[in-house]
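Visitor: Below is the structure I would like to discuss, written out as structure tokens.
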Amino acid sequence: MALASTEKVILGSIAFSIFWVLAVFPSVPFLPVGRTAGSLLGAMLMVIFRVITPDQAYAAIDLPILGLLFGTMVVSVYLEKADMFKHLGKLLSWKSKGAHDLLLRICLISAISSALFTNDTSCIVLTEFVLKIARQHNLPPHPFLLALASSANIGSSATPIGNPQNLVIAVQSKISFGSFIVGILPAMVIGILVNALILLCMYWKLLSIQKDKEDAASEGVDEEDMSSHRFSPATMSHCTSPNLQEWNSRFEPMDIQSPPATMNGDANHVESLRNRLTSNENEIRQVLSSAPASARNSTASKETLHDGASQKKHETVPSKEVVSVNGLNDVFPGTYSEGKETPASRYKTILWKSRVYLVTIGMLISLLMGLNMSWTAITAALALVVLDFKDARPCLEKVSYSLLIFFCGMFITVNGFNRTGIPSTLWDWMEPHAKVNHASGIAVLAVVILVLSNVASNVPTVLLLGGQVAVSAAAISAAEEKKSWLILAWVSTVAGNLSLLGSAANLIVCEQARRAPDLSYTLSFWNHLKFGVPSTIIVTAIGLTQIR
């Protein structure tokens, strides 16, 4: 494709540059509007500058990719609700044999969960688990956080639903779900092993330091705390009813202190306190008169209130306890719960969770059978909504709609930039040196993808290069075309491990670790970079030899 007019080239480059700056640095001081607004701004400028028409902008939005992304996010929300990630977190500490074993477990579990539930989701739900386990064993968190983020990126390369760029590649290339896995799985397995080996070599001495047992006992996190992760249901508050709160407030103990004798009007003050206490006593009797006999009998011994302030306080507190615990369920049925799960409710919970797991397994089987990926994911999501038999709004609200909007803006912006002719002109210059049927060509292509993925982010890189690389490879053979798509998927995904800004998964781990209550830890850019550079180069190179 030849270059467009000079005006379109300049204006299209300006729009794409604004999109790129806001996508890579969403909080720039001169325009801190974020990535989503930045993508929409870039798309709008492409239309305003007449680089593309409004109809071309709408046509640039890839609905199958958005449908697949939406469906997988909904399924992940229901899996989270069914405690899938809680069980994965427990596997991290189950019969652990030390820090080195724990590091390998994190690499394995992070990779598998990312391949099935996307790398971003895995990082969101596993980061706090990793911090808790590190605190429990009094270990430095950063080797384990690096293991989580890097393994999530590598593991997500194995399936079309592992990350957003793979979604784009799977839809545009029309490679079946099974063929995609077969083509990249060997590279992913070896990449995970090599990445774990690099982590062990770099941090072996740090992980071998003898831990202070006293510090571990004082700062450690017990097993009960590990099982009470924020994604598991918390104990429900007993005071869930407004009427119950108002009723209980009548029984709040009154802490009456005698005023100093030197204060004026102390007799009037004491008398007013007595009057207030008498009125409270009358309210108590009125409520108890409507309660069952058991509740009334339990408080019969407290009919008389003495004059002493301490005696009055002593008498009102037991009344509160007896009534609120013994008689409250009879007075207001269903408002008080001691947290005991009945066999019937336990059976319903197990049945519901089983349905969620079966639907997810059915979705994966359907994808392996070659059914349309977008509609398969959407069907699975709607099946879970229906089987839940509840208002789906709380679950649907957890879907990242800002990410879907970001994709819409990015599709339009990248399409407009492609129409300037700049990407195709650059590819025409580079194509003779990047043939996928030669080792040197694969190396050149990998370096280009690696650099662009860290400069322009991996998804825009796939959108910019995907079609060009595929057309060039198709001229050689159909097999080489498929290989070119898989190389693009592998390198653009592993490239995210190069730096902290290389992928959203890295940023998620960093932010989740920084904001974790009582477990806060900051993963620095340089700590990540000194591991990310050698790991990315080695893993990428070894994985390329396994792409088929």
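The values are calculated or read from the model by the stated rules, or taken from the named source; none is laboratory data. What you see is a predicted model; the values in this text were computed from it and never measured. When we count neighbours, we look across all protein chains shown, and the Cβ atoms used for this are built from the backbone with ideal geometry, even at glycine. Just so you know, the surface numbers come from the protein's heavy atoms only, side chains and all, with ligands and any DNA or RNA stripped out. Shrake-Rupley method; radii C 1.70, N 1.55, O 1.52, S 1.80 Å.
Visitor: Considering only region 27-35, I want to know if a residue exists there that is open to solvent by 30 Å² or more (accessible area, probe 1.4 Å), free of Cβ contacts under 8 Å to residues at least 12 places away in the same chain and touching a Pro at 6+ places or on another chain (Cβ under 9 Å).
Guide: Within region 27-35, one or more residues are open to solvent by 30 Å² or more (accessible area, probe 1.4 Å), free of Cβ contacts under 8 Å to residues at least 12 places away in the same chain and touching a Pro at 6+ places or on another chain (Cβ under 9 Å).
Visitor: Okay, next question. Residues in region 4-15: is at least one open to solvent by less than 60 Å² (accessible area, probe 1.4 Å), more than 28 Å from Val171 (Cβ to Cβ) and either touching a residue at least 12 places away in the same chain (Cβ under 8 Å) or not in a helix (DSSP H, G or I) (or both)? Spell out the reasoning first.
Guide: In the first step, residues of region 4-15 are kept if they are open to solvent by less than 60 Å² (accessible area, probe 1.4 Å); the result is 4, 9, 11-13, 15.
When the remaining residues are screened for being more than 28 Å from Val171 (Cβ to Cβ), the result is 9, 11.
Pick out the ones that are also either touching a residue at least 12 places away in the same chain (Cβ under 8 Å) or not in a helix (DSSP H, G or I) (or both) and you get 9, 11.
Yes, the conditions are met somewhere in region 4-15.
Visitor: Which residue is surrounded by the most Cβ atoms within 10 Å (Cβ to Cβ), if the candidates are limited to region 387-439 and must be within 30 Å of Phe70 (Cα to Cα) and among the charged types (D, E, K, R)? Steps first, answer last, please.
Guide: The first filter runs over region 387-439 and keeps only residues within 30 Å of Phe70 (Cα to Cα), leaving 387-419, 423.
Next cut, among the charged types (D, E, K, R) only: 388, 390-391, 393, 397-398, 419.
Numbers: Asp388: 16, Lys390: 10, Asp391: 9, Arg393: 7, Glu397: 9, Lys398: 14, Arg419: 20.
Residue satisfying both the conditions and the ranking: Arg419.
Visitor: Which of the residues spanning region 189-210 are under 26 Å from the mean Cα position of the chain (by Cα), open to solvent by less than 20 Å² (accessible area, probe 1.4 Å) and of a type in the set (A, V, I, L, M)?
Guide: The answer is Ile192, Ala196, Leu199.
Visitor: Let me ask another. Could you look through region 504-523, keep only residues that are over 14 Å from the mean Cα position of the chain (by Cα) and touching a residue at least 12 places away in the same chain (Cβ under 8 Å), and pick out the one that is most open to solvent (accessible area, probe 1.4 Å)? Walk me through it before giving the result.
Guide: Looking only at region 504-523, we keep the residues that are over 14 Å from the mean Cα position of the chain (by Cα), and these are 514, 517-523.
Adding the requirement that they be touching a residue at least 12 places away in the same chain (Cβ under 8 Å) leaves 519, 521-523.
Values: Leu519: 18, Tyr521: 54, Thr522: 87, Leu523: 6 Å².
Result: Thr522.
Visitor: Continuing with this model, one more query. Looking only at region 396-419, filter to residues that are of a type in the set (A, V, I, L, M) and in a helix (DSSP H, G or I); which one of those is farthest from Val168 (Cα to Cα)?
Guide: First pass over region 396-419, keeping only residues of a type in the set (A, V, I, L, M): 396, 399, 403-405, 410, 412, 414.
From what's left, in a helix (DSSP H, G or I): 396, 403-405, 410, 412, 414.
Details: Leu396: 23, Leu403: 14, Leu404: 13, Ile405: 15, Met410: 12, Ile412: 14, Val414: 13 Å.
In this case the residue turns out to be Leu396.
Visitor: Of the residues Thr379, Thr360, which is assigned to a helix (DSSP H, G or I) and open to solvent by less than 30 Å² (accessible area, probe 1.4 Å)?
Guide: Numbers: Thr379 fails: open to solvent by less than 30 Å² (accessible area, probe 1.4 Å).
That would be Thr360, the only listed residue that is assigned to a helix (DSSP H, G or I) and open to solvent by less than 30 Å² (accessible area, probe 1.4 Å).
Visitor: Being farther than 28 Å from Val74 by Cα and either open to solvent by 10 Å² or more (accessible area, probe 1.4 Å) or among the β-branched types (Val, Ile, Thr) (or both) is the filter here; which residues of region 122-149 pass it?
Guide: Of everything in region 122-149, those that are farther than 28 Å from Val74 by Cα and either open to solvent by 10 Å² or more (accessible area, probe 1.4 Å) or among the β-branched types (Val, Ile, Thr) (or both) turn out to be Ile133, Arg135, Gln136, His137, Asn138, Leu139, Pro140, Pro141, His142.
Visitor: Quick one: Ile449 ticks every box in (1) within 25 Å of Leu146 (Cβ to Cβ); (2) open to solvent by 10 Å² or more (accessible area, probe 1.4 Å) bar one, so which box is it?
Guide: Only one criterion in (1) within 25 Å of Leu146 (Cβ to Cβ); (2) open to solvent by 10 Å² or more (accessible area, probe 1.4 Å) is unmet by Ile449, namely (2).
Visitor: To continue, here is another question. Go through (1) at pLDDT below 85; (2) surrounded by fewer than 22 Cβ atoms within 10 Å (Cβ to Cβ); (3) closer than 30 Å to Ile198 by Cα one by one and return the number of the condition Met1 breaks.
Guide: With (1) at pLDDT below 85; (2) surrounded by fewer than 22 Cβ atoms within 10 Å (Cβ to Cβ); (3) closer than 30 Å to Ile198 by Cα applied to Met1, the lone miss is (3).
Visitor: State the number of residues belonging to region 474-494 that are in contact with a helix residue (DSSP H, G or I) (Cβ under 6 Å, 6 or more places away or on another chain), hydrophobic (A, V, I, L, M, F, W, C) and open to solvent by 10 Å² or more (accessible area, probe 1.4 Å).
Guide: Within region 474-494, residues that are in contact with a helix residue (DSSP H, G or I) (Cβ under 6 Å, 6 or more places away or on another chain), hydrophobic (A, V, I, L, M, F, W, C) and open to solvent by 10 Å² or more (accessible area, probe 1.4 Å) number 2.
Visitor: Mind listing just one residue for me: the one in region 45-58 that is assigned to a helix (DSSP H, G or I) and touching a residue at least 24 places away in the same chain (Cβ under 8 Å) and, of those, most open to solvent (accessible area, probe 1.4 Å)? Quick ask: steps written out before the conclusion?
Guide: So in region 45-58, the residues assigned to a helix (DSSP H, G or I) come out as 45-48, 54-58.
Among the residues that remain, those that are also touching a residue at least 24 places away in the same chain (Cβ under 8 Å) are: 45-47, 56-57.
Working: Leu45: 23, Met46: 0, Val47: 45, Gln56: 63, Ala57: 7 Å².
Taking the candidates together, the pick is Gln56.
Visitor: Has region 126-134 got at least one residue that is closer than 20 Å to Arg548 by Cα and either assigned to a helix (DSSP H, G or I) or modelled with pLDDT under 90 (or both)? Let's see the steps before the verdict.
Guide: Our first condition is that a residue be closer than 20 Å to Arg548 by Cα; within region 126-134, this holds for none.
Looking for residues that are closer than 20 Å to Arg548 by Cα and either assigned to a helix (DSSP H, G or I) or modelled with pLDDT under 90 (or both), one finds none in region 126-134, hence no.
Visitor: Sticking with this one: Counting only residues that are out of contact with any Phe, Trp or Tyr (no Cβ under 8 Å at 6 or more places or on another chain), assigned to a helix (DSSP H, G or I) and either among the small types (Gly, Ala, Ser) or open to solvent by 40 Å² or more (accessible area, probe 1.4 Å) (or both), how many does region 80-121 have?
Guide: 16
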